[in-house]
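The values are calculated or read from the model by the stated rules, or taken from the named source; none is laboratory data. Quick caveat: nothing in here was measured; it's all calculated off a predicted structure. Here the Cβ positions follow ideal geometry from the backbone for every residue, glycine too, while neighbour counts run over all protein chains shown.
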Amino acid sequence: MTDHISPASLHRILGIAASTPLSPATMGASLRITFCPAPEMSRRLGRFTAALQRALQACGVTVLDMSEATGKNGRISAGTSVIAPGSFPDHLLPINRVSTLYNNVIVGIYDEPPPTSDGETTQRTLDAVVGRLAWDMVHLVIYVTGSSWTICSMNGGITTFETPLPEENDVLCSLVPKLTAQVVPPRPEDLEVRPGTLDTRDLEFGAIAGDFEECGLIWGDNPLLLSHTSRETLAYRSDFYRKIVARYLDDRSGMSYGFFARQLPVKPEPAIYDGVDSGAGESYVPVSIAGYHLLVPIPDIRIITTRSGCRKTSIDRRCDLVEIGLEKGRAWLATPSGLPDEMVIRPSFDTLTIIAHAAGNAMISSILQTLLPEARFPQILKRSGASMTHWHHYPDDTVIPEGYVMHGRKNPPVSCSTPQSAAYSLMGKLVALESAMMEKREYLGDVHIEPGHGTNMVGTLSLAETAEMLNPVAVPGLRSGTINGEIF
């Protein structure tokens with residue numbers, strides 16, 4: 001998966017650790033798991049759990065006895081995931097036995113059908129899943145019936161396997177990635193915060209904000225753009241667990257899904273051919289594409305994007321947009337000037353993925369300037385920048401814009417806040433560009449399909465133009481989008 005760019009280069013551009021597992025096999029080899037069953041389990045759940053343990057071991061996962069997984073403090077050691085089949089009383093919930101909030105993924109397994117049914121809205125299904133996560137204090141849930149099993153995750157992904165017991169390949173390609181790449185909010189040390197430095201009265205900002213507002217209105221009637229799920233609407237077993245959920249979400253009011261973003265105009269230097277003595281140093285990374293070996297400059301980039309938690313179909317330009325960027329390899333976040341004192345802005349869970357897309361756009365501009373000087377993409381990126389639209393669903397193939405290349409369908413299913421998601425975004429762009437070059441097609445953007453998660457559509461169209469393509473009023477009350485075998 002890193003044929004075009006090395007793990008070391010991903011680290012230099014995005015700060016992603018070179019040791020980050022990117023394939024299901026390396027993910028499985030990195031996992032440690034222990035089983036923590038409830039005091040009582042149904043016979044069906046017992047059979048399923050035993051089969052799951054065998055499948056995980058066949059995937060190369062290290063399965064530990066509870067005694068091996070428990071440290072001297074009596075808690076399950078950091079880095080060990082917990083499989084928790086059955087229903088637990090409050091005092092035996094596995095969350096009470098782990099060492100960390102973010103580094104012990106807990107999977108609840110239940111002998112009951114998933115909360116999905118024909119005619120149920122995507123939002124209500126998501127709310128039901130998130131409600132179960134909060135009630136049982138788990139990160140993933142698996143529902144088991146006599147003929148199938150279903151994985152549900154915090155980002156709204158729901159995947160059903162029509163087999164009564166888990167099979168090795170399904171476990172490796174679906175559950176293992178979700179256990180390896182956990183949903184985690186950006187840490188304070190991940191980016192520099194620049195409070196009050198985004199001038200929302202600037203004329204350039206005003207034009208960009210208008211594109212966001214128009215885009216939001218176009219998406220307004222589409223139930224596939226999931227709305228904010230407030231943590232105050234969820235049921236908790238106690239105030240203690242309510243506080244844990246608040247802390248896990250970095251004290252955000254809840255979870256919102258999807259983002260809109262506009263990369264500001266940028267004209268990076270052209271790439272140079274590897275081996276040419278040009279004095280290229282640490283500011284360049286090697287990239288192999290379409291048979292060429294290039295040195296591509298690491299770009300500085302700027303992006304205006306929706307703030308975490310805002311209502312994306314009704315954007316207030318004074319407080320709902322923030323600026324993020326990459327400067328000399330360091331990520332940063334600028335908040336709007338004049339914010340009310342009570343408004344605290346948190347970086348989006350998607351921050352690294354957004355930056356990865358923008359960095360990838362700039363790198364593609366560098367490559368095209370060298371290999372295809374007549375290409376339009378670098379000129380458009382220099383003049384107008386690029387737009388990014390992310391929603392938790394898949395587009396119909398018929399609405400893919402001309403010049404946009406689709407990729408990512410075979411990637412492992414990971415969530416947006418993970419380093420894997422950012423890596424797949426950047427690497428996938430290079431795959432898409434190479435595909436366009438080899439087929440002698442014009443490259444104007446990419447459609448990044450994220451299995452078990454959603455879609456990023458990134459390119460030279462404005463946000464409003466992208467929204468119009470994705471939201472043709474074909475069926476009253478429901479705009480474009482297909483499920484393609486998975487529920488979102």
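When Arg187, Arg252 are checked against the criterion of being surrounded by 15 or more Cβ atoms within 10 Å (Cβ to Cβ), modelled with pLDDT under 80 and not aliphatic (A, V, I, L, M), Arg252 stands alone in meeting it. Each residue in region 427-443 was checked for being in a helix (DSSP H, G or I) and either outside the structural domain of Ala359 (by TED's automatic domain parsing) or of a type in the set (Asp, Glu) (or both), and 1 of them qualify. Does any residue of region 284-304 turn out to be of a type in the set (S, T, N, Q) and either closer than 23 Å to Asp190 by Cα or in contact with a Ser or Thr (Cβ under 6 Å, 6 or more places away or on another chain) (or both)? The answer is no, given that none of the residues of region 284-304 is of a type in the set (S, T, N, Q) and either closer than 23 Å to Asp190 by Cα or in contact with a Ser or Thr (Cβ under 6 Å, 6 or more places away or on another chain) (or both). With a requirement of 2 or more residues that are surrounded by 15 or more Cβ atoms within 10 Å (Cβ to Cβ), the helices (runs of 4 or more DSSP H) lying completely within region 1-72 that satisfy it span 7-14, 24-30, 43-58. Scanning region 73-89 for residues that are surrounded by fewer than 23 Cβ atoms within 10 Å (Cβ to Cβ), touching a strand residue (DSSP E or B) at 6+ places or on another chain (Cβ under 9 Å) and among the small types (Gly, Ala, Ser) returns Ser77, Ala78, Gly79, Gly86, Ser87.
Rundown of residues vs (1) surrounded by fewer than 23 Cβ atoms within 10 Å (Cβ to Cβ); (2) modelled with pLDDT of 95 or more, yes/no style:
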position	(1), (2)
Phe259	no, no
Pro265	yes, yes
Pro268	no, yes
Gly275	yes, no
Glu282	yes, no
Lys312	no, no
Arg317	yes, no
